[in-house]
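Peer 1: Just passing along the structure, written as structure tokens.
The values are calculated or read from the model by the stated rules, or taken from the named source; none is laboratory data. Please read all numbers here as calculations on a predicted model, not as lab measurements. Cβ placement follows ideal geometry from the backbone for every residue including glycine, while neighbour counts extend to all protein chains displayed.
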């Protein structure tokens, strides 16, 4: 039976079931019921409707999920690095990380199960079979660097670096419009959008979310930016860019149709991941090249800027807005 123990943070009077689902992300609201969550608050068993407050000690347990019979599948993976304990991949846009409603096959988990059939780890990943070895996740429409663990000890070691913010991530995105500052910091709280449960929103409640950004190229209508999330909230970068007034091009949930690129898919890519691997002292940096979908849009933007300025397409950017980082 899975279990959780910890101190409530930033509860703001939420119901217990909402706190477990929205703040801790352990179970969905429906799973809280279907998997018979048992909750102790400060040592006393309570109902799911009980309001929790900051500082309460939670002890939770719930039933295992029924075996979903996730099938191994021989799916193509771009492997950036692999050893007996970890695998680092360049996740393709469109690939779902783990099975869920409507996505029972074709996921990263299916691919990982197939890859390890021939050499099962000495210490298998315990817990939810839907997420074997998944340390962190990327949205379906986000591409880029992901690291996964092959054994339980490595999963705990890597997860700890994400929890303590020692793992560093750098994303690249194309935004509608140009932020007013070349560099900036966005610090808000994010919570589930009360009007659309698929979305998250900036609000007074919820978890702290911190993002830094830097413009590396800009045009009149769009900008290419680097994004540095210091927290790992669901949809954090997408919500923050929308809140800034410059949504990510092609975002199907937070952006509106882009008049220049109406058919664009989401222009968000996990470019770099920096962390320490088990048994090593020095940090490693894993990188993924800029995808072709980015290069195609950039060519269009440079050409339009060049025509507007009466210059050749190659001169479509002023020196001030040329690349100021390796990107």
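Peer 1: Scan the stretch 297-323 and report the pairs whose first residue is at pLDDT 80 or above and whose second residue is outside any loop (DSSP other than H, G, I, E, B), with Cβ atoms within less than 6 Å and a gap of 6+ or a chain change.
Peer 2: If the second residue must be outside any loop (DSSP other than H, G, I, E, B), the pairs left are 297/174; 301/222; 302/313; 303/313; 306/313; 306/315.
Peer 1: Taking the condition in a loop (DSSP other than H, G, I, E, B), surrounded by 15 or more Cβ atoms within 10 Å (Cβ to Cβ) and touching a residue at least 60 places away in the same chain (Cβ under 8 Å), does residue 70 pass?
Peer 2: Here the answer is yes, as residue 70 does meet what is asked.
Peer 1: So residue 208 clears everything in (1) under 20 Å from residue 138 (Cβ atoms); (2) not in a loop (DSSP other than H, G, I, E, B) except one condition, right? Which one?
Peer 2: It fails just one condition, (1).
Peer 1: Also: Here are the criteria: (1) part of a loop (DSSP other than H, G, I, E, B); (2) modelled with pLDDT under 95; (3) surrounded by 14 or more Cβ atoms within 10 Å (Cβ to Cβ). Tell me which single one residue 252 does not satisfy.
Peer 2: The one condition residue 252 does not meet is (3).
Peer 1: If residue 141 satisfies all but one of (1) farther than 21 Å from residue 4 by Cα; (2) within 16 Å of the chain's Cα centre (by Cα); (3) at pLDDT below 95, what's the number of the condition it fails?
Peer 2: (3)
Peer 1: Also, I was wondering about something else. Looking only at the stretch 230-239, decide whether some residue is surrounded by fewer than 21 Cβ atoms within 10 Å (Cβ to Cβ) and touching a helix residue (DSSP H, G or I) at 6+ places or on another chain (Cβ under 8 Å).
Peer 2: yes
Peer 1: Moving on to the next point. Restricting attention to the stretch 260-274, which residues are in contact (Cβ under 8 Å) with a residue 24 or more places away in the chain and surrounded by fewer than 21 Cβ atoms within 10 Å (Cβ to Cβ)?
Peer 2: Passing the criteria: 260, 261, 264, 265, 272, 274.
Peer 1: How about the stretch 6-18: which of its residues are at pLDDT 80 or above and either part of a strand (DSSP E or B) or over 17 Å from residue 200 (Cβ atoms) (or both)?
Peer 2: 7, 8, 15, 16, 17
Peer 1: Also, quick follow-up: Restricted to the stretch 167-220, and to residues that are farther than 18 Å from residue 239 by Cα and in contact with a helix residue (DSSP H, G or I) (Cβ under 8 Å, 6 or more places away or on another chain), which residue is modelled with the lowest pLDDT?
Peer 2: 220
Peer 1: Let me ask something else. Of everything in the stretch 152-166, what is modelled with pLDDT under 90 and surrounded by 20 or more Cβ atoms within 10 Å (Cβ to Cβ)? Give them in sequence order.
Peer 2: Of everything in the stretch 152-166, those that are modelled with pLDDT under 90 and surrounded by 20 or more Cβ atoms within 10 Å (Cβ to Cβ) turn out to be 154, 155.
Peer 1: Does residue 21 satisfy being without any contact (Cβ under 8 Å) to a residue 12 or more places away in the chain, crowded, with 17+ Cβ neighbours inside 10 Å and not in a loop (DSSP other than H, G, I, E, B)?
Peer 2: Yes, satisfied.
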